[in-house]
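Participant: Structure incoming, see below.
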Amino acid sequence: MERLKRLNASRTALYIVLGVIAAFMLLLNLLTPYCADDFTYMVNFKTQQWITRVWDVFPSMAAHAEVMNGRLISHGLGQLFMIWPKPVFDVVNAAVFTAFIYLLYRTAHRGTGENVLLLAAVFCAVWYFMPVFGQVALWQLGSVNYLWALAAGLLFLRPYISDYLDGRKKTALWRKILFSVLALPFGMWSEVTSFIGIILAALFLILGKILKKRSLRTWLFIPVVAAAAGYLLMMLMPAELNAKGSDMTLGTLLRNFNNATGVLREFGGVLLGVWAAAFALGVFLKLDRDRLTVSAALVFGAVAGNYMLTVASYYPERCFCATAALLILAIAMLVPAFLRAGRAELCGCLGAALLVVTAFSLIVGTYDIWNTHVAYGLREQRVAEAKAEGLSEVTVDIIRPATKYSAYWGLTELVDDPRAWPNDFVSTYYGIQISGR
């Protein structure tokens, strides 16, 4: 038993697990082909020509702000990676996913030693509970918009959580300046993740004032203001204003609220139930008050992020990713408190159950990603044969994945009209008119 404890606290073992996660995600990224909007973002929105150099991204994003949306940071990065071969993105995306898992773990686990099992549990929870996993973490354009936003959001929140839990620490001037400057593009990253990150950062400062009698005179207010300015700049882009130009009736808002509730129940019901039980037990056992407070604040942010979509015209399941990540973090924040209170058996039982359900979905999900890869390869083979035969049009099979782990799950695939979206961009990419069947 002592040997297992030492292994669990080993930094070497932690690095090995992180390496396995990175290698596994790299494999899945390499097996994931382009899909849906990827083909659209290969083209300069201003000139309608191929993006071939870094400078092409800037006028393209200026036009994008007029006709699409204000997420210029994420979509700009998305177009930037379209310039290079896809394996370049695959390597970077696998690294970002691994960093995201590590940030979740590191935010929850503080203090001496490591907890390899907690890191593994965090990965399992993200894999199992993240809705439309393939869209969020494997789809090229989707990853930059959602997975990378989550990683950026955790980096933004960490100083505020540390400030609340550990007290004010001396920070080098260059770090303050860099953090304040980078807060602006974070605010421009995502309508949901950026907004919730800003709200939670301000909330932790306010909680420090109310519960710990700390002064609000802190440099940490500057990044909040910078991020808020970035968010406002994003929302004032012409495309964002046009999208929100129509009035929403009370009936529409009620319908959207009900829909958001259904999404929360479907994708977050289990996580909320586990958190509520753990939080109530933590209060009963008088666990670390600060951790309980931070955990409750994270759940507030998660629920608020979900109901933000009440004012949106529709609720894509991938937009739930911020809520899922915050709920997972809220539960993980309580684990060290239970361990310090000598309640390791409770954490062990929950971890064992999570491991079992994740093991099944790992096998099924990985196989589905492989099947998508094979189907896409057959499609490319059919297209190549048609072009070799001198045909001007070809019909290919639509890819129909079986699980949320394929990036193609829930995304618009090819239709029977070669001139409709996304067929038009796919046809341009391959140099032949393509329709699906």
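Participant: Of the residues in region 274-315, how many are without any contact (Cβ under 8 Å) to a residue 40 or more places away in the chain, part of a loop (DSSP other than H, G, I, E, B) and not hydroxyl-bearing (Ser, Thr, Tyr)?
Facilitator: Of the residues in region 274-315, 1 are without any contact (Cβ under 8 Å) to a residue 40 or more places away in the chain, part of a loop (DSSP other than H, G, I, E, B) and not hydroxyl-bearing (Ser, Thr, Tyr).
Participant: Would you mind finding the one in ALA420, ALA407, ALA386 that is open to solvent by less than 60 Å² (accessible area, probe 1.4 Å), within 29 Å of GLN48 (Cβ to Cβ) and in contact (Cβ under 8 Å) with a residue 60 or more places away in the chain?
Facilitator: One residue alone meets the criteria, ALA407.
Participant: Follow-up question, since we're still on this one. Would you mind finding the one in LEU250, LEU236, LEU254, LEU264 that is open to solvent by 90 Å² or more (accessible area, probe 1.4 Å), on the phi < 0 side of the Ramachandran plot and modelled with pLDDT of 90 or more?
Facilitator: Selected residue: LEU236, the only one of LEU250, LEU236, LEU254, LEU264 that is open to solvent by 90 Å² or more (accessible area, probe 1.4 Å), on the phi < 0 side of the Ramachandran plot and modelled with pLDDT of 90 or more.
Condition check ((1) over 15 Å from LEU157 (Cβ atoms); (2) touching a residue at least 24 places away in the same chain (Cβ under 8 Å)) across all residues:
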site: THR171; (1), (2): yes, yes
site: VAL181; (1), (2): yes, yes
site: PRO185; (1), (2): yes, yes
site: SER194; (1), (2): no, yes
site: ILE198; (1), (2): no, yes
site: PHE204; (1), (2): no, yes
site: ILE210; (1), (2): yes, no
site: SER215; (1), (2): yes, no
site: ALA226; (1), (2): no, yes
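Participant: Out of region 305-337, which residues are crowded, with 22+ Cβ neighbours inside 10 Å and over 19 Å from GLY153 (Cβ atoms)?
Facilitator: LEU334, VAL335, listed by residue number.
Participant: Next question. Give the residues of region 268-304 that are open to solvent by 40 Å² or more (accessible area, probe 1.4 Å) and either aromatic (Phe, Trp, Tyr) or touching a Lys or Arg at 6+ places or on another chain (Cβ under 6 Å) (or both), sorted by residue number.
Facilitator: Across region 268-304, the qualifying residues are PHE279, PHE284, PHE300.
Participant: Please report, ordered by residue number, the helices (runs of 4 or more DSSP H) entirely within region 1-82 with at least 2 residues that are open to solvent by less than 50 Å² (accessible area, probe 1.4 Å).
Facilitator: Correct list: 11-31, 37-40, 57-67, 72-82.
Participant: Based on this model, can you work out whether ASP288 counts as acidic (Asp, Glu) and more than 20 Å from ARG158 (Cβ to Cβ)?
Facilitator: no
Participant: Looking at region 348-358, can you tell me whether even one residue there is touching a helix residue (DSSP H, G or I) at 6+ places or on another chain (Cβ under 9 Å), open to solvent by 30 Å² or more (accessible area, probe 1.4 Å) and farther than 29 Å from ILE101 by Cβ?
Facilitator: Looking through region 348-358, none of the residues is touching a helix residue (DSSP H, G or I) at 6+ places or on another chain (Cβ under 9 Å), open to solvent by 30 Å² or more (accessible area, probe 1.4 Å) and farther than 29 Å from ILE101 by Cβ.
Participant: Can THR323 be described as farther than 30 Å from LYS86 by Cα, of a type outside the set (A, V, I, L, M, F, W, C) and modelled with pLDDT of 95 or more?
Facilitator: So THR323 fails the test.
Okay, residues lined up against (1) under 21 Å from ALA359 (Cα atoms); (2) surrounded by 22 or more Cβ atoms within 10 Å (Cβ to Cβ):
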| position | (1), (2) |
| --- | --- |
| VAL88 | no, no |
| PHE100 | yes, yes |
| THR107 | no, no |
| GLY111 | no, no |
| ALA121 | yes, yes |
| TRP127 | yes, no |
| MET130 | yes, yes |
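Participant: Let me ask another. For region 301-315, what are the residues that are more than 10 Å from LEU264 (Cβ to Cβ) and of a type in the set (Val, Ile, Thr)?
Facilitator: Matches in region 301-315: THR310, VAL311.
The values are calculated or read from the model by the stated rules, or taken from the named source; none is laboratory data. Note that the structure is predicted; figures quoted are calculated from it, not measured. In this analysis, Cβ positions are derived from the backbone assuming ideal geometry, glycine residues included, and neighbour counts consider all displayed protein chains. SASA here: full protein model, heavy atoms, side chains in, ligands and nucleic acids out. Shrake-Rupley method; radii C 1.70, N 1.55, O 1.52, S 1.80 Å.
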